[in-house]
Amino acid sequence: MANIVRPYGDTLDDGKVQLSFTLPVPDGPKGREAARLLVLSWGFKECEVVNSAAVSDDFTFYVAYGKTEIGVDYEAARADTASEDASMGMDETCAFVKERFGRKVVIVGACTGFDAHTVGIDAIMNMKGYNHHYGLERYSMLEAHNLGAQIPNERLIEFAEKVNADAILISQVVTQKDVHVQNLVNFIELLEAKGERGRFICIAGGPRISNKLAVEIGYDAGFGKGCYADHVATFVVKKLAEKARE
Amino acid sequence: MKEKLGLSKGKIAEARSLASGIVAPVLDFIDGHTTVTVERATLRIAGADGADADGVPVPNLIVDQLRAADPATLEGGALEGGALVHYVNALIRTGGGTADLNRRIAEGYRVGSEPLGDREAIRRKGAQLVDIGLGKVKANRMQRSAKMEEWKGRNNDPLLYLIVATGNIHEDVKQAEAAALRGADVIAVIRTTAQSLLDYVPFGATTEGFGGTYATQENFRIMRAALDAVGEREKRYIWLTNYASGLCMPEIAAMGALERLDMMLNDSMYGILFRDINMYRTFVDQKFSRMINSYAGITINTGEDNYLTTSDAYEKAFTVLASQFLNEQFGYAAGLPARLMGLGHAMEMEPGIKNGFLYELSQAQMAREIFSEHPLKYMPPTKFMSGDIFKGLAMDTMFNFVSKATNQGIHLLGMLTEAIHTPFMMDRYIAVENAKYVMNSMESFYDEIEFAKDGLVVNRAKEVLSQTIEFLHEIGEKGLLDAISTGMFAEVKRPKDGGKGLEGIVKKGNNYWNPVEEALKAGLGLPGRGRDYSASSAGDASSAGVAKG
């Protein structure tokens, strides 16, 4: 059954939306009217420009409230939950690995290409972890190798072969001009050219990476904002068990 | 400046003396070596510029050709005498000016193909080129001082520092103008993400970059002109900042000195720890770059904030203070006065810590008191910025508060959209308005507030200082290089012979000649090398015109 929902301000279905944006025009009544018309043109039924401020001579910042009548069927929305599972904590993951595989699971991670930001891969892998979620290095039944930043794809594959990795984690933080996608695609192509795509579980991560994007370009999963080591570890060991059954 | 923490003077002196002892053996290594980029920076100050049809810069062509012609260069070949001698020699042989020679080199002429002529003539011509190059730098320094004097008191205190990073220098200009007009004092043009690992500096204006814009001399010039125009209009000096870091530290410093940049990100160990650049290479490069910065009156910013994005800011607070002490000693050794050392730190503790704000206040006040003459560069929260822009704005407000409450010098404005995208124009606007509101409303706060004698703020600072001394003892016992290679900094291990750029180090022979280095050392009052080119080849120790320290 359809369940139509609309934005909620202080009354059900009032459709109140908060907006802020900049226009390349000077501040003044004309600019505020232009901002109001712009918001209405997006389908809002009412719009109030509550603040305008000159950012420079030729640019103005607006805060506006709009009212919409458009709703969405909540029941029809399908979330991409493949990478949402963090059901196993550190101890449980290690116990699972011990029981199913009887050996340590090897995970190699790096931030690849020219991307110099280790913050993502560190959050997942470093002993300390992030936001009270221990990183993979602390898991006694995982052998975690964090190669750091600016690692060429070739070197990452070489290293994964050397330590006989079960899973490879690639972090991409810089996304300007879609450089992260090119880099991630190039990695999969290299693996495929070597006939080794099936050998490793491949995972992409970063603040702008979604599971959907990652799967589309040939990864087993993608982990974005709000994901911790628990999510990654749960996915890797379950996937590995699945692979072992095949 | 009022002291509020009651820190032991003896302990502070002990920490400084430990840091000085740690740095000393590294300085010995530095003084015995040059690098490819030190040579290229020297060439640039002497007038080498331009690029060939493939975009290879003229300074690289010169150094690479000299090394290729004599593969034994590392241990004593062509480059042993320094690259400049060959450039000057070619200049005399070809009879034209530097612009003409640069063009010839770009078209394929090899300076190494000429046999070295009369050494005395080379020495004289070299001294002349150095006078011209460093003369420009001196003129820039004077112009900056004059403008700052003229517009005294018009900048914010602390200086409000904003980053632009579109990848396109012309777009950067628009963003920078808007930011400066809103009240920013310092504009930093962040570099494209790969540039720190390029062993050359690209040539010309650029419009493509990832996560930032290429640092090139032309881009420096474009932004300088734009900021000068805004400054004239606002009657406020707008500081221009770039990054003398990575594999081309000294060259970027040279270009910045020639184009009147005012600040440079310039850390003694950042490249080693966070960019995996070879440690020997970095140590040699940082000194030369810092001598140039010092001579040019450029304020350096060090990168201690990076320790805290890697390690826990509460537990590892002492690594920041230890690094500040080391950066300070490396700075003094390169002739930098305290007033040009923007030692870095950051507000990066987990926002959920009870009393976290007091610990941040303590850390910032401690840095203020220990480094009382240094401008101090304070960095905003980034690690725990979540995408909740409203919480982010609250965190940035707290950061603005700490900065003003502890009299920081250079205040990098936090962005409410940190961790979402590179800042929009309106994000910067919100940041500047926030800072101006907070700082104006608490203008005299520093003089009004004291801390409880045995309270949390005071005790925390004492604890961090003690931990720092302990840590410096450990480093001292191991030696700095071994301390880095065993992961004592930022939990990163870097082998001594690993990392990028190792092949670019050259041991200086007895015939090494670098009149730029000598002039810098003389100008900064630093001890020079015992011998120079003219002394060993022509028996003329008087070496008039080339100052010796």
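The values are calculated or read from the model by the stated rules, or taken from the named source; none is laboratory data. Since the model is a prediction, treat every value here as computed from it, not as a measurement. Please note: Cβ atoms are built from the backbone with ideal geometry, for glycine as well, and neighbour counts cover all protein chains shown. Keep in mind that these areas ignore ligands, DNA and RNA; they rest on the heavy atoms of the full protein, side chains included. Shrake-Rupley method; radii C 1.70, N 1.55, O 1.52, S 1.80 Å.
Annotations
- Of all residues in the range B:378-393 being more than 10 Å from chain A (Cβ to nearest Cβ) and either out of contact with any helix residue (DSSP H, G or I) (no Cβ under 6 Å at 6 or more places or on another chain) or without any contact (Cβ under 8 Å) to a residue 24 or more places away in the chain (or both), the one that is surrounded by the most Cβ atoms within 10 Å (Cβ to Cβ): B:GLY392
- Restricting the range B:253-289 to residues that are away from chain A (no Cβ under 14 Å) and among the charged types (D, E, K, R), the residue that is nearest to B:THR37 (Cα to Cα): B:ASP285
Here's the yes/no breakdown for (1) away from every other protein chain (no Cβ under 14 Å); (2) crowded, with 24+ Cβ neighbours inside 10 Å; (3) touching a Gly at 6+ places or on another chain (Cβ under 7 Å); (4) without any contact (Cβ under 8 Å) to a residue 12 or more places away in the chain:
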residue: B:THR166; (1), (2), (3), (4): no, no, no, no
residue: B:VAL186; (1), (2), (3), (4): yes, yes, no, no
residue: B:ILE190; (1), (2), (3), (4): no, no, yes, no
residue: B:GLY204; (1), (2), (3), (4): yes, no, no, no
residue: B:THR207; (1), (2), (3), (4): no, no, no, no
residue: B:THR213; (1), (2), (3), (4): no, yes, yes, no
residue: B:PHE220; (1), (2), (3), (4): yes, no, yes, no
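- In the range B:70-98, the residue that is nearest to B:GLY32 (Cα to Cα) out of those that are open to solvent by 50 Å² or more (accessible area, probe 1.4 Å) and at pLDDT 75 or above is B:ILE92.
- Qualifying residue in the range B:488-499 (condition: under 28 Å from B:ALA257 (Cβ atoms) and at pLDDT below 95): yes
- Every residue from the range A:147-182 that is within 14 Å of chain B (Cβ to nearest Cβ) and in contact with a strand residue (DSSP E or B) (Cβ under 6 Å, 6 or more places away or on another chain): A:LEU147, A:ALA149, A:ILE151, A:SER171
- Filtered by the rule that a residue be within 20 Å of the chain's Cα centre (by Cα) and farther than 22 Å from A:TYR134 by Cβ, the range A:218-246 gives A:GLY218, A:TYR219, A:ASP220.
- Counting the residues of the range A:143-191 that are charged (D, E, K, R) and in a loop (DSSP other than H, G, I, E, B) gives 1.
- Here the condition is being more than 14 Å from A:ILE203 (Cα to Cα) and under 16 Å from the mean Cα position of the chain (by Cα); of A:HIS117, A:HIS133, it holds for A:HIS117 alone.
- Of all the numbered requirements in (1) open to solvent by 10 Å² or more (accessible area, probe 1.4 Å); (2) closer than 17 Å to B:ARG191 by Cα; (3) of a type outside the set (Lys, Arg), B:MET249 misses one, and that requirement is (1).
- Residues in the range B:285-304 that are assigned to a helix (DSSP H, G or I) and of a type outside the set (A, V, I, L, M, F, W, C): B:ASP285, B:GLN286, B:LYS287, B:SER289, B:ARG290, B:ASN293, B:SER294, B:TYR295.
- Of all residues making up the range B:423-466, the number that are part of a loop (DSSP other than H, G, I, E, B) and away from every other protein chain (no Cβ under 14 Å): 10
- Among the residues of the range A:129-138, at least one is within 9 Å of another protein chain (Cβ to nearest Cβ) and part of a loop (DSSP other than H, G, I, E, B).
- Summed over the range B:17-43, residues that are open to solvent by less than 20 Å² (accessible area, probe 1.4 Å) and part of a helix (DSSP H, G or I) total 13.
- Within the range B:471-499, if we keep just the residues that are open to solvent by 40 Å² or more (accessible area, probe 1.4 Å) and over 25 Å from A:GLU137 (Cβ atoms), the residue that is nearest to the other protein chains (Cβ to nearest Cβ) turns out to be B:ASP497.
- Answer from B:LEU116, B:LEU159 - the residue that is within 24 Å of B:PRO380 (Cβ to Cβ), open to solvent by 10 Å² or more (accessible area, probe 1.4 Å) and away from chain A (no Cβ under 14 Å): B:LEU159
- Some residue of the range A:186-203 being within 16 Å of the chain's Cα centre (by Cα) and either surrounded by fewer than 17 Cβ atoms within 10 Å (Cβ to Cβ) or within 14 Å of chain B (Cβ to nearest Cβ) (or both): no
- Number of positions in the range B:397-451 that are in contact with a Ser or Thr (Cβ under 8 Å, 6 or more places away or on another chain), among the small types (Gly, Ala, Ser) and open to solvent by 20 Å² or more (accessible area, probe 1.4 Å): 1
- Selected residue (criterion: most open to solvent (accessible area, probe 1.4 Å)) from residues of the range B:192-202 that are at the interface with another protein chain (Cβ under 9 Å from one of its Cβ atoms) and touching a Leu at 6+ places or on another chain (Cβ under 8 Å): B:LEU197
- Residue satisfying all of: in the range A:86-125; open to solvent by less than 30 Å² (accessible area, probe 1.4 Å) and of a type in the set (Ser, Thr, Tyr); nearest to the other protein chains (Cβ to nearest Cβ) among these: A:THR112
- Residue check, B:MET347 over 22 Å from B:ALA435 (Cα atoms), away from chain A (no Cβ under 14 Å) and in contact with a helix residue (DSSP H, G or I) (Cβ under 8 Å, 6 or more places away or on another chain): no
- Scanning the range B:396-422 for residues that are aliphatic (A, V, I, L, M), touching an Asp or Glu at 6+ places or on another chain (Cβ under 9 Å) and assigned to a helix (DSSP H, G or I) turns up B:MET398, B:VAL402.
- Residue match in the range B:171-180 (condition: open to solvent by 40 Å² or more (accessible area, probe 1.4 Å), over 26 Å from B:ASN407 (Cβ atoms), out of contact with any Ser or Thr (no Cβ under 7 Å at 6 or more places or on another chain) and away from chain A (no Cβ under 14 Å)): no
- Complete set of residues in the range A:32-61 that are out of contact with any Asp or Glu (no Cβ under 9 Å at 6 or more places or on another chain), surrounded by 14 or more Cβ atoms within 10 Å (Cβ to Cβ) and within 14 Å of chain B (Cβ to nearest Cβ): A:ALA35, A:ASP58
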